[in-house]
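The block underneath contains the structure these notes are about, expressed in structure tokens.
The values are calculated or read from the model by the stated rules, or taken from the named source; none is laboratory data. The shown structure was predicted, so the numbers you read here are calculated from the model rather than taken from an experiment. Methodologically, a virtual Cβ is constructed for each residue, glycine included, from the backbone with ideal geometry; neighbour enumeration extends over all protein chains shown.
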Amino acid sequence: MTGSVADRALPEEVGRFLSLDPGVMSCPVDAFDELRDIAPVVEYPSHRMVVVTGRAEVSQVLRDTATFSSNQHANEESSHNMTEVLRRASAIARQRGGHTDLLDASGQTYPPVPPHSDPPLHTRQRRLIQPAFAPRRARAAEDMIVEMADRILDGLGDRDQIEIRSEYSDPLMVGYILTELHSVPEHAEMLLGWVGAFIRMQGSKLTDDELDEIAQARVDFDEYFLERIADIQANGSDDLLGKLVAAEIEGERLTVAELLMVAQTLLVGGTETSSTTTSKAVLHLTQHPELADELRAEPSKLAGFVEETLRLNGPIHLLFRRATRDVDLGGVMIPAGTRVGVHLGAAGRDAESCPVPHEVDVNRTQPPQLMFGSGAHYCAGAELARVQVRVALDRLLRRYRLLELPVPFEDIRFHPQINLHRPVELPIRLVRD
């Protein structure tokens, strides 16, 4: 029997679990379980959306691109931020006279690109993008990432405590990504600044000054990468951005505007999500030193640990879709136009598809990984992300006998975002002997 969305609204006391309360943000596991225990599909009235928590239902939403549009922001605040930033950035660019050639027929400077575009646009873009992300390219990157990780750790000298993100995982991830984006190591700090600016758009409503600041960052980013794209067009390049510039199928190429947006996606995805996954994996190991010993002794198990980290506590908790038609999902009739929150965090702990789901089992036969999406929107850079995180953890474990948390676990703060789950700072004590 099919019910309505309103039949499965979240009880008030459970609704807090999708709030930005610091206590909930620091340890959201209870939220995952309580949400899923209510029903696989429930209404979240205060955010005017439906939340999907069951693994089967999440997979259905991710795969059905005709029914669930990906061109959807996290919330009204994020939508406002994005619209305003792009509007202001377009105005700045026009004043400078540098972006007028990027406008499409509708006057939009910044087109949607994967993972936020829908077919048929997405189909065309994906055909052009996917060949550049062949799995062999990710495997070939491993030696370079190992060298970069060791260089960063060598630079720490005898220090016995670091902030793991800003001093290790962030510079490691951006250090590799910038080589693929036709950039140079000296620009790493600037690129990380742009990552931070773009991520800020996905939180609460920003002030005018903040919007102006991020719009300026958007224009600076564009001008920087327009130079890189022009250089590639003139001289060619074998890096990832070069592959994307040269990509052509049946006379079709990515437009310059699309290349800019894809470059942004690569920079943020290849830096922020991989760095967050690494830091959360390290945080888990501080609480389970016996697991760290096991991984140190058997590095082949690191791949399984990366998958478990993504499944249990990955960097993305919620993706967002919009229903394009009335649809029955998990026995609930969802009206066309409804915003749909796809809860990857809850789906990863669904006992129906993953036995003993709350335990880290590095030997587990893994169900398909949802953190990278599914179907047409499966992340093109998934294999590269896996290599990045696995190497980052391996080099740490090889060098240090013990990774410790020098502050109470409860003191670790997380950014106030319902879609991304990432620590603000994560101090780690490094013990060699």
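Here are some notes:
- Restricted to segment 272-348, the set of strands (runs of 3 or more DSSP E) holding at least 2 residues that are under 23 Å from the mean Cα position of the chain (by Cα) comprises 318-323, 339-343.
- Qualifying residue in segment 336-347 (condition: surrounded by 20 or more Cβ atoms within 10 Å (Cβ to Cβ) and under 27 Å from Ile428 (Cα atoms)): yes
- Screening segment 42-68 for residues that are aliphatic (A, V, I, L, M) and within 21 Å of Pro367 (Cβ to Cβ) and picking the one that is nearest to the chain's Cα centre (by Cα) gives Leu62.
- Considering the conditions (1) over 28 Å from Pro120 (Cα atoms); (2) at pLDDT below 90; (3) among the aliphatic types (A, V, I, L, M), Ala257 is excluded by exactly one of them, (1).
- Taking segment 382-392 as the range and being crowded, with 23+ Cβ neighbours inside 10 Å and more than 17 Å from Tyr168 (Cα to Cα) as the test, only Leu384 passes.
- The residue pairs whose first member lies in segment 48-60 and is touching a residue at least 60 places away in the same chain (Cβ under 8 Å), whose second member is assigned to a helix (DSSP H, G or I), and whose beta carbons are closer than 6 Å, counting only pairs six or more residues apart or on different chains, are Val50/Val5; Val52/Val58; Val52/Val61; Thr53/Leu35; Thr53/Arg36; Thr53/Ala346; Arg55/Ala347; Val58/Ala347.
- Meeting the requirement of 2 or more residues that are surrounded by fewer than 17 Cβ atoms within 10 Å (Cβ to Cβ) and touching a residue at least 40 places away in the same chain (Cβ under 8 Å), the helices (runs of 4 or more DSSP H) wholly within segment 122-234 are 135-140, 142-155.
- Identity of the residue in segment 391-428, charged (D, E, K, R) and closer than 15 Å to Leu291 by Cβ, that ends up modelled with the lowest pLDDT: Arg401
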